[in-house]
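The values are calculated or read from the model by the stated rules, or taken from the named source; none is laboratory data. Computed from a predicted model, the values in this text were never measured in an experiment. Cβ coordinates were reconstructed from backbone atoms using ideal geometry, including for glycine residues, and neighbour counts include every protein chain displayed. Keep in mind that these areas ignore ligands, DNA and RNA; they rest on the heavy atoms of the full protein, side chains included. Shrake-Rupley method; radii C 1.70, N 1.55, O 1.52, S 1.80 Å.
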Amino acid sequence: MRLASAVFAGLVGLFSAPTLASEVTTFELENGLEVVVVENRRAPVVVHMVWYRVGAADEPPGQSGIAHFLEHLMFKATDELASGEFSETVNRNGGSDNAFTAADYTGYFQRIASDRLELVMRMEASRMDGLALVPEDIATERDVVIEERNQRIENDPGALFNEQMRAAQYLNHPYAIPIIGWKHEAEALSLEDANAFYKAHYGPNNAILVVAGDADPDEVRALAEKYYGVIPANPDIVERERGQEPPQLVERRLNYADPRIGNDYVIRSYLAPERDSGAQEDAAALTLLAEVLGGSPTTSVLAQKLQFESQGSVFTSAWYSGQSLDDTTFGLVNVPVPGTSLEDAEAALDQAIAEFMEDGVDPDKLARIKSQIRASEIYALDNVRSLANRYGSGLTSGLTVADIQAWPDILQAVTEDDIMAAATRIFDKRKSVVGFVRTAEETTQ
């Protein structure tokens, strides 16, 4: 087993940073559209993506869900396309398309044969400034969004609790608002709301075009100039302005019960710094802290201590997602064995963290985690959409191309001391949100 691990680590080490970096070309059109071309000629396929620097955290007060609602409406008619024609054309040409909304961005993508790039670029450009909504679009698509919320949130007790926990985590920042919207506000969204949001945020000067796969940068530039370059910059687009969190002075606690919950669990989250352009080291240390503590169901610190040594837990985890425009979260979860109180489960979690802070990071485990991360980066080169996502999500979250390319080496440079310093900064219970999630209401004597 040791020999296999050593061989694996050695093979991964052969892949230097230049090998991991695909050929990336960037340029900007006169109207402000940023363009990124990621060449990967392994298959005659391209992924064409347009990312807008607007998401659920940029919505007007009282209109939660409008960013996601507009994402749905973007598949309706434009001044050049009939409603539904976009997706039908992509499918007819052997491709696939979809879209997504996050807190910081909205994206639209197509995966198609590389000789069809011009086709999808022409259609995508037509909805950048030519969306032609009509009243009958609104009620139908709004019902679709509400049903989506019913399926994903209302019928999932864990998702309902996550909404409440996120709202408790952020007192002043719009990250507290669910991406799909609060139900009572999403039900009231109108044609006027959708058009106003579209006019305020959509345009080439608020967008990033990413083309990944079998694409020549010069050809992409020519096509981008032809279809996107003729769209004038949107003068209504302004810099994003968001409220920021005040200092947290006291622990916040939530108790939630729902008979649909499968297992009782305790969950804790802390406000944490995001990846900042030119200064990603703290985020890299937190990324590896999450992996060390809870990244593996068998070898992580929490799994070893709570699942195997004490055998008091059936599942443990830790997570951190640093790619965010503003402060993000670091989290821990402990699912105890049946019959264990959540108070005892929380105490066990605290004890495991205290022991970790005393013992520090096992260097051998850290080396193995770094090797696994490097391997996953290598495997990701086979997926052109993954490559496109890497640049699109990073750029719309405040990073630069240089930041994105530097990230793998920054992760590899993190030391045990860096991880422990990050843990010391994060683990302050006064600055946490704790949730007790139960199948049944707690009984009182």
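Only one of the listed residues (P259, P297) is open to solvent by 20 Å² or more (accessible area, probe 1.4 Å), in contact with a Ser or Thr (Cβ under 9 Å, 6 or more places away or on another chain) and over 27 Å from S371 (Cα atoms). That residue is P259. Looking across V38, V12, one residue alone is of a type in the set (A, V, I, L, M), at pLDDT below 90 and either touching a helix residue (DSSP H, G or I) at 6+ places or on another chain (Cβ under 6 Å) or not in a loop (DSSP other than H, G, I, E, B) (or both). It is V12.
Please work out if S317 is within 17 Å of L289 (Cα to Cα) and either of a type in the set (A, V, I, L, M) or without any contact (Cβ under 8 Å) to a residue 12 or more places away in the chain (or both). Here the answer is no, as S317 does not meet what is asked. The single condition among (1) closer than 28 Å to M123 by Cα; (2) touching a residue at least 60 places away in the same chain (Cβ under 8 Å) that D218 does not meet is (2). Taking the condition closer than 25 Å to S393 by Cβ, touching a helix residue (DSSP H, G or I) at 6+ places or on another chain (Cβ under 9 Å) and touching a residue at least 12 places away in the same chain (Cβ under 8 Å), does E124 pass? Yes; evaluated as a whole, the condition is true for this residue. Candidates in region 15-35 are the residues that are in a loop (DSSP other than H, G, I, E, B) and within 24 Å of the chain's Cα centre (by Cα); of these, the one that is modelled with the highest pLDDT is L33. Scanning region 289-308 for residues that are touching a residue at least 40 places away in the same chain (Cβ under 8 Å), of a type outside the set (A, V, I, L, M, F, W, C) and touching a strand residue (DSSP E or B) at 6+ places or on another chain (Cβ under 9 Å) yields E291, G295, K305.
Among the residues of region 225-249, those identified as part of a loop (DSSP other than H, G, I, E, B) and open to solvent by 100 Å² or more (accessible area, probe 1.4 Å) are V230, P235, V238, E239, E241, P247, L249.
The helices (runs of 4 or more DSSP H) located wholly in region 64-129 that include 3 or more residues which are open to solvent by 40 Å² or more (accessible area, probe 1.4 Å) occupy 85-92, 117-129.
Does region 262-273 contain any residue that is out of contact with any strand residue (DSSP E or B) (no Cβ under 9 Å at 6 or more places or on another chain), within 30 Å of A413 (Cβ to Cβ), surrounded by 14 or more Cβ atoms within 10 Å (Cβ to Cβ) and not basic (K, R)? Scanning region 262-273 turns up no residue that is out of contact with any strand residue (DSSP E or B) (no Cβ under 9 Å at 6 or more places or on another chain), within 30 Å of A413 (Cβ to Cβ), surrounded by 14 or more Cβ atoms within 10 Å (Cβ to Cβ) and not basic (K, R).
Being over 18 Å from the mean Cα position of the chain (by Cα), at pLDDT below 95 and small (G, A, S) is the filter here, so list the residues in region 382-427 that pass it. Scanning region 382-427 gives no hits.
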